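Please read the structure below before turning to the comments.
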Ligand code: CP
Ligand code: NVA
């Protein structure tokens with residue numbers, strides 16, 4: 001592993017190693033307190049963040065490293081100076097770059113022109129750090145196993161759904177993506193995920209019917225309007241209303257757990273009843289962002 005732009009270039013063994021290292025870091029943080037000693041990591045944000053911002057910052061400090069935060073005041077990368085020059089400069093000071101960007105191409109340019117590992121902390125296509133924290137969470141609640149695990153992503157076919165499909169495919173999970181007509185995930189990413197699932201014993205299916213979630217371990221939601229989308233929430237709500245996760249859907253499907261990457265829009269994609277239920281894994285997922293990301297950083301930087 002040289003970079004972490006998407007999970008799709010990783011093997012099942014590599015992803016399982018990240019999950020197991022994340023669990024070990026969570027259980028024994030002291031063991032890793034000097035893992036990134038003397039290392040500095042630039043964390044760049046073209047879009048807002050709570051979880052990603054804090055979990056990388058605090059996580060890097062817990063590994064003995066130093067996070068340098070570059071916020072949205074700098075505007076989109078490539079505006080003040082080229083992404084090429086940005087990457088060339090940063091590579092002279094820092095040991096890795098973590099970037100949340102509008103366009104996946106920006107991450108590819110950071111890799112192309114920089115000389116340090118690059119981690120994708122969300123782009124238009126993927127949210128791989130989120131998916132690793134999510135599968136770590138599912139692994140934990142299922143007694144440290146993903147064998148036979150199943151998850152139904154219900155909502156917009158977006159970056160979060162893409163990474164859940166790809167990571168689930170590699171990890172051998174049954175991933176069902178349920179969206180309104182016209183809001184399916186990217187067709188090429190779906191084909192890639194299906195191919196990876198066939199190689200690793202997973203299964204990826206698409207549907208427009210929430211009853212397809214019957215029997216899954218967890219129902220997973222994301223916001224219906226992502227950062228940078230120009231759709232009006234009012235219009236989207238009319239189309240997505242039948243896809244809301246509420247108590248009835250949890251009962252009808254028999255799903256034990258509710259997952260969400262957050263921020264959650266309560267009463268829109270999911271009701272309070274579900275968000276605050278005993279089976280809600282939201283805060284465990286949020287905590288695991290830090291552990292999973294630390295495992296990713298150690299995998300990239302401690303060779
Ligand atoms: N889930 C997630 O990435 O949250 P933030 O946008 O707050 O970082
Ligand atoms: N799909 C959402 C995820 C937020 C963490 C977005 O891109 O805004």
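Points to keep in mind about this one:
- Selection count, region 193-223, where residues are surrounded by fewer than 18 Cβ atoms within 10 Å (Cβ to Cβ) and part of a helix (DSSP H, G or I): 7
- Residues within region 251-279 that are away from ligand 1 (no atom under 14 Å from the Cβ) and either touching a helix residue (DSSP H, G or I) at 6+ places or on another chain (Cβ under 7 Å) or over 13 Å from residue 138 (Cα atoms) (or both), tallied: 19
- Condition met for residue 99 (at pLDDT 95 or above, within 16 Å of ligand 1 (Cβ to nearest atom), more than 23 Å from residue 158 (Cβ to Cβ) and part of a strand (DSSP E or B)): no
- Here region 123-161 is the region considered, the condition is being touching a strand residue (DSSP E or B) at 6+ places or on another chain (Cβ under 9 Å) and either within 15 Å of residue 184 (Cα to Cα) or at pLDDT below 95 (or both), and the residue that is farthest from ligand 2 (Cβ to nearest atom) is 152.
- For region 52-81, filtering for residues that are at pLDDT below 95 and touching a helix residue (DSSP H, G or I) at 6+ places or on another chain (Cβ under 6 Å) leaves 1.
- Flag for residue 55 being part of a loop (DSSP other than H, G, I, E, B), within 13 Å of ligand 1 (Cβ to nearest atom) and under 24 Å from the mean Cα position of the chain (by Cα): no
- Reported count of residues in region 233-287, each being under 19 Å from the mean Cα position of the chain (by Cα), in a loop (DSSP other than H, G, I, E, B) and within 15 Å of ligand 2 (Cβ to nearest atom), is 6.
- As a summary of the residue check, residue 107 satisfies the conditions (1) within 16 Å of ligand 1 (Cβ to nearest atom); (2) buried (at least 19 other Cβ atoms within 10 Å of the Cβ); (3) within 22 Å of residue 286 (Cβ to Cβ); (4) touching a residue at least 60 places away in the same chain (Cβ under 8 Å) except for the one numbered (3).
- Enumeration of residues in region 112-122 that are buried (at least 24 other Cβ atoms within 10 Å of the Cβ) and either near ligand 2 (Cβ under 10 Å from one of its atoms) or in a loop (DSSP other than H, G, I, E, B) (or both): 121, 122
Residue-by-condition table, conditions (1) surrounded by fewer than 22 Cβ atoms within 10 Å (Cβ to Cβ); (2) modelled with pLDDT of 95 or more; (3) in contact with a strand residue (DSSP E or B) (Cβ under 9 Å, 6 or more places away or on another chain):
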| site | (1), (2), (3) |
| --- | --- |
| 229 | yes, no, no |
| 256 | yes, yes, yes |
| 273 | yes, yes, no |
| 282 | yes, yes, yes |
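- Pairs meeting the criteria (first residue in region 134-148 and at negative phi, second residue assigned to a loop (DSSP other than H, G, I, E, B) and surrounded by 24 or more Cβ atoms within 10 Å (Cβ to Cβ), beta carbons under 9 Å, at least 6 apart or on different chains) are 134/261; 135/173; 138/173; 146/173.
- Residue 244 being in contact (Cβ under 8 Å) with a residue 60 or more places away in the chain and out of contact with any strand residue (DSSP E or B) (no Cβ under 6 Å at 6 or more places or on another chain): no
- Of the candidates 22, 61, 42, the single residue that is without any contact (Cβ under 8 Å) to a residue 60 or more places away in the chain, crowded, with 20+ Cβ neighbours inside 10 Å and not in a loop (DSSP other than H, G, I, E, B) is 42.
- Here residue 162 meets each of (1) free of Cβ contacts under 8 Å to residues at least 60 places away in the same chain; (2) within 16 Å of ligand 1 (Cβ to nearest atom); (3) not in a helix (DSSP H, G or I) with one exception, condition (3).
The values are calculated or read from the model by the stated rules, or taken from the named source; none is laboratory data. Since the model is a prediction, treat every value here as computed from it, not as a measurement. In this analysis, Cβ positions are derived from the backbone assuming ideal geometry, glycine residues included, and neighbour counts consider all displayed protein chains.
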